[in-house]
Every structure is written in C-alpha cells, then in structure tokens.
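None of the figures in this text is laboratory data; all of them are computed from the coordinates on show. Computed from a predicted structure; not experimentally measured. Cβ placement follows ideal geometry from the backbone for every residue including glycine, while neighbour counts extend to all protein chains displayed.
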Amino acid sequence: MKKAIIILPTYNEKENISTLITEIYDVSSKNNLGLHIVVVDDNSPDGTAAIVKKIMYEKFKQNLFIIERPGKMGLGTAYIAGFRFALEKEYDYAITMDADFSHKPSYLPSMLKKMETCDLCVGSRYVPGGGTKNWGISRKIISRSTNLLAHTLLGLKANDCTAGFRCYKKEVLSTINLNNIYSNGYSFLLEMMYKCQVNNFKIGEIPIIFEDRRVGVSKISRQEIIKAMKTLMKFTWRRIRGVKE
Ligand SMILES: Nc1nc2c(ncn2[C@@H]2O[C@H](COP(=O)(O)OP(=O)(O)OP(=O)(O)O)[C@@H](O)[C@H]2O)c(=O)[nH]1
Ligand SMILES: [Mg+2]
C-alpha cells in the first residue's frame with residue numbers, strides 16, 4: 001500500500017482543526033487508507049497549534065505531526081515545509097488540503113484511486129460534477145479569469161489550475177527544485193502546476209464541490225491577487241524565452 005501524508009497549512013483555524021483531523025482519520029480508517037497528517041502552523045494567534053498538540057498526545061501519537069513556524073510566512077512556503085517533511089519521511093504521496101472544510105475529506109479515496117494513473121491529481125471545480133458553493137460573484141470572476149490567463153499565457157491544460165486540493169507523487173516533489181520556488185502565497189499553486197506540466201508529469205483531475213469556509217476568516221487579500229498576476233507574468237516570460245524549469 002502507498003504511504004500518503006496530508007499537509008494542512010493553518011493560520012487561525014481553531015474552530016476547524018480538530019474536527020477536520022478527526023474526520024480525515026475516520027475516512028482513512030473506513031477506507032483503509034492509512035493516512036498520516038502534518039499540520040504546518042504559523043504561530044496562529046488563536047492557539048491552533050496547542051489544539052493540534054493536545055489531540056496528538058491524546059489520540060494520534062503515531063500518525064499526526066506538526067511543524068511550527070515562528071510567524072505568518074505564507075501558504076506557499078507552508079506547503080514547501082510540508083513537502084520537505086514528506087520527502088524526508090519517504091511518503092509516496094503528499095496531499096494538500098485547506099484546513100477550513102472547503103476541501104472535503106470524503107474525496108480522499110477517489111483522489112488516491114486517481115493517483116494510480118497520474119503524477120499529480122487535482123480536486124477540480126471546473127470539470128463535470130465539480131463546482132463551487134456559497135461563492136460570491138467577485139470570487140467566481142477572479143477564479144475563472146486566473147484560470148483563463150493560466151490556460152492562455154502559460155499553456156496549462158488542467159481545467160482547474162488554482163485548486164489547492166491536490167495530491168503529488170513523491171517523484172514530482174523530488175524533481176521540482178523546492179529551493180527555487182518564486183511564489184510564497186496562493187500563486188504557488190500556479191507555479192507548481194506549470195513546473196509539473198513542463199516536466200511532463202501526468203496531471204489528472206477529479207471533480208469536487210468546493211464549499212466556502214464554514215467558520216473562521218479568509219486570509220486571501222488583494223495583495224495575493226496582485227502577486228498571482230506577477231507570477232503569471234514571470235512564468236509567461238520564462239516560457240517565451242524557453243527557460244528550463
Ligand atoms: N501556515 C500557513 N497557513 C496559511 C497561511 N495563509 C493561509 N493559510 C491556510 O491555508 C488554507 C487556505 O486559506 P484560506 O484562508 O482558507 O483561503 P481561501 O480558501 O482561499 O479563502 P476562503 O474561501 O475565504 O477560506 C487555510 O487552511 C489557512 O488556514 C499562512 O500564511 N501560513
Ligand atoms: Mg478556505
């Protein structure tokens with residue numbers, strides 16, 4: 001059986017984290033997936049890390065881990081910290097999920113099944129059967145237009161290039177130079193997908209319904225959107241010049 005670890009980046013997720021972890025382990029044991037979890041917490045002021053450590057000692061000593069960083073350093077670098085942990089401990093798959101229930105644990109079995117035929121599996125909102133729930137019009141426009149730009153400028157083929165619910169094969173993570181990642185925030189997702197595609201890794205998608213967070217506050221800012229545009233421009237220019245990634 002393949003060994004998989006879920007990377008949960010957290011910043012102020014005290015209302016979600018312990019129920020999410022419990023739900024993931026429920027799905028894991030019902031489907032015999034043997035999942036492990038690593039939380040990457042950026043010193044959340046709401047005490048998320050303390051909650052994780054408490055349930056770790058009480059219930060999940062063997063399969064729950066935490067990486068604690070000194071302050072908010074961005075989603076991209078949190079993923080990288082999780083990837084490094086996954087590579088070091090020799091997991092076959094690293095799965096990234098938001099810690100706010102937007103990515104439902106019930107999709108994990110189909111995602112892992114899909115990994116039998118691809119190197120990166122994306123939980124996609126933009127394939128038949130996928131979609132979004134409780135999204136405002138501006139959120140829809142931003143997401144759709146970022147995808148459109150990713151398709152036209154970077155030539156990305158996946159239908160959902162900005163989805164954060166993904167499973168990477170370890171070969172992908174060891175091929176892409178994690179020391180050489182330009183983006184630190186949400187645009188990290190675009191950069192990783194671009195690098196996967198140009199390195200000829202096979203990208204698969206499974207449909208998911210992305211639901212807006214149940215509780216807690218969003219960390220996405222206007223600045224992140226500007227950063228995503230910068231990332232798009234940077235890699236478009238590199239693509240035009242034929243730079244090897
Ligand atoms: N470690 C770490 N986690 C972060 C950081 N920024 C966001 N996160 C986490 O990354 C995940 C996605 O962030 P969200 O705020 O849910 O962003 P979003 O899903 O785009 O926005 P919403 O739909 O409003 O929830 C969540 O689990 C956050 O707690 C960060 O700087 N460091
Ligand atoms: Mg969210």
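One table, with the values for the structure above:
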quantity	calculated
Listed residue (146, 183, 215) projecting farthest to the positive dipole end of the range 143-245, Cβ model	183
The range 117-122 - phi-based ³J(HN,Hα) in whole Hz, Karplus 6.51/-1.76/1.60, Gly and Pro as x	10, 8, 9, 9, 10, 10
Whole-angstrom gap from the range 79-93 to the range 111-159, using each part's C-alpha centre	24 Å
Entries in 61/219; 89/234; 14/170; 2/61; 61/133; 113/157 that, when Cα-Cα distance is taken, lie over 26 Å	61/219; 89/234; 14/170; 61/133
For residue 100, residues with placed amide H under 5 Å, excluding near neighbours	none
Length-normalised contact order for the chain - Cα pairs under 8 Å, 6+ apart - percent	24 percent
Cα gyration tensor category, rounded, prolate or oblate, for the range 201-243 with a/c compared to 1.5	oblate
Cα gyration tensor, the range 107-245 - rounded (a/c under 1.5), prolate or oblate	oblate
Whole-number percent relative contact order across the range 1-90, with pairs defined as alpha carbons under 8 Å at least 6 apart	35 percent
Built amide H within the under 5 Å cut-off of residue 39, gap 5+	8, 65, 66, 67
Low-density loop cleavage sites - GluC sites (Glu not before Pro) in the range 62-101, where at most 13 other Cβ are within 10 Å (DSSP)	90
Electrostatic dipole magnitude of the range 89-180 [Cβ: Lys, Arg +1; Asp, Glu -1; Cα centre; debye, to 20]	360 debye
Lys, Arg +1 and Asp, Glu -1 on Cβ, resulting dipole of the range 89-245 about Cα centre, debye, nearest 20	460 debye
By average C-beta atoms within 10 angstrom, highest first, the peptides 133-142, 56-65, 76-85	76-85, 56-65, 133-142
Bridge type composition, the chain - antiparallel percent by DSSP, nearest 5	25 percent
Dipole of the chain, positive direction: furthest Cα of 87, 48, 197, with charges on the beta-carbon	197
